[in-house]
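Okay, structure first, notes after.
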Amino acid sequence: MKIDILTLFPDIALSPLSDSIIQRARDAGLVEICAHNLRDWSDNKHRRVDDSPCGGGPGMVLQPGPLAAAIRELKGEGTRVILMTPQGKQLKQARCRELSSETHLLIVCGHYEGIDHRIVETLIDEEISIGDYVLTNGAIAAAVLCDSIIRLLPGALGDSQSAIEESFSDPSLLEAPCYTRPVDFEGQKVPEILLSGDHAKIAAWRMEKAAERTRRNRPDL
Ligand code: ADE
């Protein structure tokens with residue numbers, strides 16, 4: 001898979017993708033990630049790429065010229081062009097899974113008030129939000145999207161972690177609480193059933209606790 005990220009802040013986008021599991025996936029050649037500075041497509045000597053919103057209002061809007069030039073240059077046959085924006089469709093695990101089978105993603109990061117809507121209408125395939133809150137810029141959201149996709153590429157997680165990913169794929173249920181040693185921590189004991197070795201009972205306990213946690217934390221699921 002190839003991922004191009006178009007942003008005003010390439011370092012912010014790349015930093016979380018340059019360590020641990022994602023860096024290992026990059027080293028293993030599972031994914032190639034390139035971050036590009038939108039200012040490289042500016043048509044003026046000040047490298048400006050934004051202007052004030054038509055109709056008035058606060059903030060700045062990314063101009064269509066540099067965005068169009070950059071997207072046209074970076075996009076190829078079969079590229080999926082995604083815009084990170086709080087106005088997008090909220091990202092869910094199922095969409096991450098679908099996107100992990102694409103061959104080329106071009107992720108465009110919004111900034112300030114957003115990007116000129118003519119670009120959204122003509123050159124963007126899909127608008128994605130990572131949640132109902134506003135970040136300072138889309139590069140952070142792009143890194144979140146990349147992480148959620150890359151960890152699903154075959155070989156990115158170790159075998160044991162892949163198995164865990166499989167067994168918790170029910171989108172309507174949160175995971176059950178988990179424990180490790182010591183069995184007694186400051187007087188708080190690990191639930192006895194988890195030490196019983198009875199796998200059927202453990203599975204039933206986990207299901208019950210997962211349902212309890214889901215009702216308490218995510219009744220919407
Ligand atoms: N840019 C700013 N906030 C965002 C969000 N919640 N999702 C995607 N991109 C964003």
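The order of 3, 119, going from fewest to most other C-beta atoms within 10 Å of their C-beta, is 119, 3. Region 1-56 gives an Rg/Rh value of 1.16, both radii derived from C-alpha positions and Rh following Kirkwood. Considering region 96-150, its Cα convex hull presents a mean projected area of 4.2 nm². All C-alpha pair distances within region 165-217, sorted into 10 Å bins from zero, spread as 22, 47, 29, 2 percent across the bins. Each of 54, 109, 96 was scored by other Cβ atoms within 10 Å of its Cβ. Listed from fewest to most, they are 54, 96, 109. Compactness of region 2-150 is given as radius of gyration and Dmax, 14.8, 49 Å, from Cα positions. When you filter the chymotrypsin sites (Phe, Trp or Tyr not before Pro) in region 179-210 for DSSP loop state and at most 16 other Cβ atoms inside 10 Å of their Cβ, you are left with 179. By other beta-carbon atoms within 10 Å, ranking 207, 60 with the fewest at the front produces 207, 60. Here the Karplus relation 6.51 cos²θ - 1.76 cosθ + 1.60, evaluated at θ = phi - 60°, turns the backbone of region 57-68 into coupling constants of x, x, x, 10, 10, 5, 6, x, x, x, 5, 4 Hz, with x for every Gly and Pro.
For region 71-163, the set of GluC sites (Glu not before Pro) satisfying both a DSSP loop assignment and a count of at most 11 other C-beta atoms within 10 Å is given as 77.
Where a number appears in this text, it was derived from the coordinates with a stated rule and is not lab data. Just so it is clear, the model here is predicted, and its values are computed rather than measured. All Cβ positions, even for glycine, are placed from backbone atoms using ideal geometry, and neighbour counts span all protein chains on display.
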